[in-house]
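> After the structure tokens below, expect a handful of questions from me.
The values are calculated or read from the model by the stated rules, or taken from the named source; none is laboratory data. Quick caveat: nothing in here was measured; it's all calculated off a predicted structure. Positions of Cβ are backbone-derived with ideal geometry, glycine not excepted, and every protein chain shown enters the neighbour counts.
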Amino acid sequence: RAGAPFQYLAVQKAGAQQSVGLIQLNRPQALNALCEGLMEELRRALEALENDPQVGAIVITGSQKAFAGRAGCLSPPQILGGGGGWCPILFLFAAGADIKEMQNKTFQECYSSGFLAGWDKVSTIRKPIIAAVNGYALGGGCELAMMCDIIYAGEKAQFGQPEILLGTIPGAGGTQRLTRAVGKSLAMEMVLTGDRISA
């Protein structure tokens, strides 16, 4: 286990030689919504594993239902809408932080507090980072996966940028990385419609 105990992550070393740092997002009640606390813990875990000479690579994963996303306080069946299509409940997904953390903040408060400060940490780690996705990676969860060096997507993986449903665009580098990952046309479709893609 790397560092102090975590509330939102499970961190361990794996492999025959304990050379793989495994970070599991562990906020299942909120579909691993990326709240400020989770992002701070992720930054700490990444720094600890980067500084561990025994670790050669890092894997970030979630659960079967969600790699990571943006969710409010509704249950997973309500948020996911059952049939696979978008439903009005998905308006609870937002870019940058768990919507419950953002709802009472002004733009200036969010901007001046540096609530995206920890996001760049994933892309600055010197060891390879692998996103193992076998569920929903929506909004910031999709952006987190794209920050990793490699994405392995399971059969149930779905990626999306639903921020348009809130009248905004993806933050945290989502528009730039998405274009490089899937091409301009599909990226535009995802960003402008909120449609998801599967693995």
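> Consider the stretch 152-199. How many of its residues are on the phi > 0 side of the Ramachandran plot and among the β-branched types (Val, Ile, Thr)?
Total meeting the criteria: 0.
> Among the numbered criteria (1) modelled with pLDDT of 90 or more; (2) closer than 27 Å to Glu109 by Cα; (3) not charged (D, E, K, R), which one does Val55 miss?
Evaluating Val55 over (1) modelled with pLDDT of 90 or more; (2) closer than 27 Å to Glu109 by Cα; (3) not charged (D, E, K, R) leaves (2) as the failure.
To keep it simple, each residue is scored yes or no on (1) in contact with a Pro (Cβ under 6 Å, 6 or more places away or on another chain); (2) surrounded by fewer than 17 Cβ atoms within 10 Å (Cβ to Cβ); (3) not in a helix (DSSP H, G or I); (4) not charged (D, E, K, R).
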{"position": "Phe6", "(1), (2), (3), (4)": "no, no, yes, yes"}
{"position": "Ala10", "(1), (2), (3), (4)": "no, yes, yes, yes"}
{"position": "Gln17", "(1), (2), (3), (4)": "no, yes, yes, yes"}
{"position": "Leu22", "(1), (2), (3), (4)": "no, no, yes, yes"}
{"position": "Leu38", "(1), (2), (3), (4)": "no, no, no, yes"}
{"position": "Leu42", "(1), (2), (3), (4)": "no, no, no, yes"}
{"position": "Ala45", "(1), (2), (3), (4)": "no, no, no, yes"}
{"position": "Pro53", "(1), (2), (3), (4)": "no, yes, yes, yes"}
{"position": "Ile60", "(1), (2), (3), (4)": "no, no, yes, yes"}
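> On to the next question. Could you list, in sequence order, the residues of the stretch 24-34 that are of a type in the set (Gly, Ala, Ser) and in a helix (DSSP H, G or I)?
Ala30
> OK, next. For the stretch 131-175, enumerate the residues that are part of a loop (DSSP other than H, G, I, E, B), touching a residue at least 60 places away in the same chain (Cβ under 8 Å) and under 19 Å from Leu22 (Cβ atoms).
Within the stretch 131-175, Asn134, Gly135, Cys148, Ala157 qualify.
> I would also like to ask the following. Take the conditions modelled with pLDDT under 90, surrounded by fewer than 20 Cβ atoms within 10 Å (Cβ to Cβ), touching a Leu at 6+ places or on another chain (Cβ under 6 Å) and over 18 Å from Glu163 (Cβ atoms) and apply them to Asn26. Does it pass?
It is true that Asn26 is modelled with pLDDT under 90, surrounded by fewer than 20 Cβ atoms within 10 Å (Cβ to Cβ), touching a Leu at 6+ places or on another chain (Cβ under 6 Å) and over 18 Å from Glu163 (Cβ atoms).
> Now for a separate question. Take the residues in the stretch 153-194 that are β-branched (Val, Ile, Thr) and out of contact with any strand residue (DSSP E or B) (no Cβ under 8 Å at 6 or more places or on another chain); name whichever of them is surrounded by the fewest Cβ atoms within 10 Å (Cβ to Cβ).
Thr168
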